[in-house]
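Laboratory data are not the source of any read-out in this text; all were calculated from the coordinates shown. Bear in mind the structure is a predicted one, so any value in this text is a computation, not a measurement. Glycine also receives a Cβ, built like all others from the backbone with ideal geometry; neighbour counts cover every protein chain displayed.
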Amino acid sequence: MNKLNIAVLLTCHNRRTKTITCLESFYQANIPSGYHFDIYLTDDGSTDGTGEAVRELFPDVNVIQGDGNLFWAGGMRLTWKTAMELKSYDAYLLINDDVLLHQDFMLNLLEADAHSISETGQQGIYSGATVDENGQLTYGGSIITQNHLIMNAQKVAPKSHPQRCDLTNANVLWISSSVVDKIGIFDKRYTHGIADYDYSRRAIENKIPVWLAPNVCGVCTHDHGNNWKSSNKPLKERIEWMKSPKGLAYSEYMYYIRKHFPVYLPYSFIMMWMKTFFPFIWDRFKN
C-alpha cells in the first residue's frame, strides 16, 4: 500500500529556540503508519542562526532562504510554492513555528478528515485548536455572528468531535490537496496576517468543508496584543501602525472585508479610523 505524502510547511524569523522546540514536538508526535511527511521551512533572513541550527539538528528539513522581507504570509507562500514544485502531495500541513504540538495532534486532524468525508463526501480544511500555558484557548476556528450593523468572530472551543467553523487560524492547519487544486494557495495580496482567514472564507465560498478538529492540538501563546495603539502614542505613530503589515494592515484588511463581507465595509472603515483617532475609548473599555 502506497503511503500518503504530506508536506509540512513553516516559516520563521529570529525565533531560534521556538522554531527548534516546534520541530522537536513534531518529531515526537504520534504519526500513524501509512503517511510520509516532508518538512519545508522558510528561514526569512534570520540573524540568530535559526536556519543553521535547523540544518544541523534536523537534516531532513528542507530549509529555504528568504530575504528578510517576506513576513508570515509571504514566507508561507514561498514554502508552499517550493513544496508544490518539488513533489506532488496529498495534503499540506501548515504550522506556526511557535506551536508546541501535542503528541496526538495528528490523530485529531485525521479524525477531522475522516469525519469530513463521512459527513460531506469530500475532504476539506481542518484547523487544530491551541491553548496557552494556562489552558486558555488562543487559536483555532471561529464562528461569525452578524447583524445589520456589527460582525464578530467568536472562537469555537474544541470538543471531542469535529465542528464546523467559518474562519480558521493557520497555527495548525491541514489543507487537503483537492482544496489547493480548486482554490490555490494564500492570496498574494496579504503580507503578514489575514491570509489564513481569507483562505478559509474562499474555501467556504467554494463549498469546501471547513472544520475545527477535535480536542486541543498544541500550546501557542496569543502574542498579537491589542488591535489598537494606545492614546499615549503620537497620532503619526498610530497611523503608521494602522497601515503596517504587523499592525492593522489597513489596505489589506479593507481588501479582505470588501472581498468577503462587502456590506460591512463602511463599518470596518469607520472602526479602523476610530481606533486610530480615538483609542482612549478602547483604552478605557477594552482593558
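Taking amide H positions as modeled 1.01 Å from N, with prolines and chain starts lacking one, the residues under 5 Å from Asp166 and 5 or more places away or on another chain are Ser142, Ile143, Ile144.
Fully extended, how many nm does the chain gain between Arg189 and Thr47 (0.36 nm per residue separation, minus their Cα-Cα distance)? Mind showing how you got there, number by number?
Values: separation 142, 0.36 × 142 = 51.12 nm, distance 2.66 nm.
Result for the pair: 48.5 nm of gain on full extension.
Within a straight-line Cα-Cα reach of under 23 Å, Lys188 can be paired with the following lysines, leaving aside sequence neighbours fewer than 8 residues apart in one chain: Lys81, Lys87, Lys207, Lys243, Lys246, Lys259. When peptides 160-169, 176-185 are ranked by their average number of other Cβ atoms within 10 Å per residue, the highest-first order is 160-169, 176-185.
Computed over segment 1-156, the Cα gyration tensor eigenvalues convert (square root of 5λ each) into semi-axes of 27, 22, 16 Å, ordered from largest to smallest. Taking only the C-alpha atoms of segment 235-285, the Rg (one decimal) and the largest Cα-Cα distance, Dmax (whole number), read 11.3, 32 Å.
How much of the pair distance distribution for the chain lies past 30 Å, counting alpha-carbon pairs only, in percent? Mind showing how you got there, number by number?
Working: 12562 of 41041 pairs.
Roughly 31 percent, rounded to a whole number.
In a simple Cβ point-charge model (Lys, Arg +1; Asp, Glu -1; nothing else charged), the chain has a dipole of about 1220 debye relative to its Cα centre. Packing here is the average count of other Cβ atoms within 10 Å per residue, and on that basis the peptides 103-112, 130-139, highest first, run 103-112, 130-139.
In units of 2.2 N^0.38 Å, what is the alpha-carbon radius of gyration of segment 120-198? Please list the in-between numbers first.
Details: Rg = 13.9 Å, N = 79, 2.2 N^0.38 = 11.6 Å.
Cα Rg divided by the expected 2.2 N^0.38 Å: 1.20.
May I ask which residue of Thr79, Leu4, His115 lies farthest towards the positive end of the charge dipole of segment 1-122, with charges of +1 (Lys, Arg) and -1 (Asp, Glu) on Cβ and the Cα centre as origin? Ranked along the dipole, the leading option is Thr79.
Highest mean packing first, where packing is the average number of other Cβ atoms within 10 Å per residue, the peptides 31-40, 204-213 line up as 204-213, 31-40.
Count the net charge of all other residues whose Cβ sits under 12 Å from the Cβ of Met242, scoring Lys and Arg as +1 and Asp and Glu as -1.
Details: positive: Lys229, Lys233, Lys236, Arg238, Lys243, Lys246, Lys275; negative: Glu237, Glu240, Glu252.
Its environment carries a net charge of +4.
Remark on His161: its backbone amide H falls under 5 Å from those of Asn215, a criterion applied only to residues 5 or more positions apart or on other chains, H modelled at 1.01 Å from N.
Just how large is the dipole of segment 235-285 about the Cα centre, in debye to the nearest 20, putting +1 at every Lys and Arg Cβ and -1 at every Asp and Glu Cβ? Spell out each step's value before the answer.
Numbers: 8 positive and 4 negative charges, 11 e Å.
Computed charge dipole of segment 235-285: roughly 60 debye.
Placing unit charges on the Cβ atoms of the charged side chains and taking the dipole of segment 148-287 about its Cα centre, the candidate lying farthest along the positive direction among Val172, Gly218, Phe261 is Phe261.
Karplus-based coupling profile of segment 188-196, in residue order and whole Hz: 5, 6, 9, 8, 10, x, 6, 4, 6, with θ = phi - 60° in 6.51 cos²θ - 1.76 cosθ + 1.60 and x standing for Gly or Pro. When only alpha carbons are used to place a centre, segment 127-144 and segment 48-97 end up 24 Å from one another. Rounded to the nearest angstrom and listed largest first, the equivalent-ellipsoid semi-axes of segment 100-256 from its Cα gyration tensor are 29, 19, 14.
When the chain is fully extended, how far beyond the present Cα-Cα distance does Asp67 get from Tyr267, taking 0.36 nm per residue of separation? Let's see the in-between values first.
Details: separation 200, 0.36 × 200 = 72.00 nm, distance 3.68 nm.
Gain on extension, Asp67 to Tyr267, equals 68.3 nm.
The distance separating the Cα centre of segment 160-192 from that of segment 222-275 comes to 23 Å.
At an R0 of 22 angstrom, the distance between the Cβ atoms of Glu205 and Ile150 translates into a FRET efficiency of 0.55.
Counting only DSSP beta bridges with both residues in segment 4-219, what percent are antiparallel, rounded to the nearest 5?
Of the beta bridges lying entirely in segment 4-219, close to 45 percent run antiparallel.
Relative contact order of segment 1-106, taken over Cα pairs closer than 8 Å and 6 or more residues apart, is 45 percent.
Given a Förster radius of 25 Å and the C-beta distance between Lys81 and Tyr255 as r, what FRET efficiency does 1/(1 + (r/R0)^6) yield to the nearest 0.05? Walk me through the numbers on the way to the answer.
Numbers: r = 21 Å, r/R0 = 0.85.
FRET efficiency, Lys81 to Tyr255: 0.75.
Summarising the label geometry, the points placed 7 Å from Cα in the beta-carbon direction at Ser88 and Ser230 lie 5.6 nm from one another.
The simple Förster model, with R0 at 51 Å and r as the Cβ-Cβ distance, assigns Phe280 and His36 a FRET efficiency of 0.40.
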